[in-house]
Amino acid sequence: ATIGSLALRHKEHGKAILVFVRTIDDVAVVTKTLEKANAKYELLTGTIRGKERDELTNRPIFRRFLSSSTGHTQDGTVYLVCTSAGEVGIDISADHMVSDLTPLDSMAQRFGRVNRRGGGKAEIDVVYESEPDPKRKDDALERARWATLPLLRSLPP
């Protein structure tokens with residue numbers, strides 16, 4: 001819900017906002033938050049069939065994320081809610097991004113989907129829990145996620 005709320009901060013700015021989360025359950029929470037605010041959004045997840053994914057480029061909301069469309073404000077703010085399916089193999093660019101915490105390689109891919117052509121000042125919000133889940137301390141993905149946080153904090157603002 002925090003990720004959805006942070007994304008909605010840009011609702012009146014007429015921008016293309018990219019939202020990344022790791023799980024389909026998180027996608028559902030974010031989209032519910034966006035729906036309550038009557039926000040326009042499209043989904044890009046690994047659960048989308050090939051035919052549906054191919055048809056995305058014909059949809060007006062998704063077209064705003066194509067590199068040639070970034071920065072256009074005439075149609076209001078739009079959101080693209082993605083899982084890792086939006087990290088590679090697709091040339092999209094957003095004005096701003098809100099993301100959960102992921103391992104560094106995944107985070108770098110996500111960062112690469114924001115302001116790809118240097119068309120303005122981009123904001124990136126990374127949302128994470130207050131501390132690691134002690135029940136998952138032996139999980140490699142969880143350790144990699146939390147190893148990313150100090151690296152992100154060391155970046156200049």
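The values are calculated or read from the model by the stated rules, or taken from the named source; none is laboratory data. What you are looking at is a predicted structure, and each value in this text was computed from that prediction instead of being measured. The area values use the complete protein model at the heavy-atom level, side chains included, leaving out ligands, DNA and RNA. Shrake-Rupley method; radii C 1.70, N 1.55, O 1.52, S 1.80 Å.
Mean residue ellipticity, 222 nm, helices only, the chain: the sum of -39500 (n - 2.57) across DSSP H runs of n ≥ 4, divided by residue count and rounded to 500, is -9000 deg cm²/dmol. For the chain, the square roots a ≥ b ≥ c of the C-alpha gyration tensor eigenvalues yield an a/c of 1.5 or more together with a/b exceeding b/c, which makes the shape prolate. For the residue pairs 32/137; 11/32; 15/40; 11/40; 15/121, the alpha carbons lie more than 19 Å apart in 32/137.
The mean accessible area for residues of the chain, using a 1.4 Å probe and ignoring ligands and nucleic acids, is 55 Å² per residue. Here the chain carries DSSP beta bridges of which approximately 5% are antiparallel, counting only pairs with both residues inside. Please report, as a whole percent, how much of the solvent-accessible surface of the stretch 72-137 comes from carbon and sulfur atoms (probe radius 1.4 Å). Heavy-atom surface of the stretch 72-137 belonging to carbon and sulfur, 1.4 Å probe: 49 percent.
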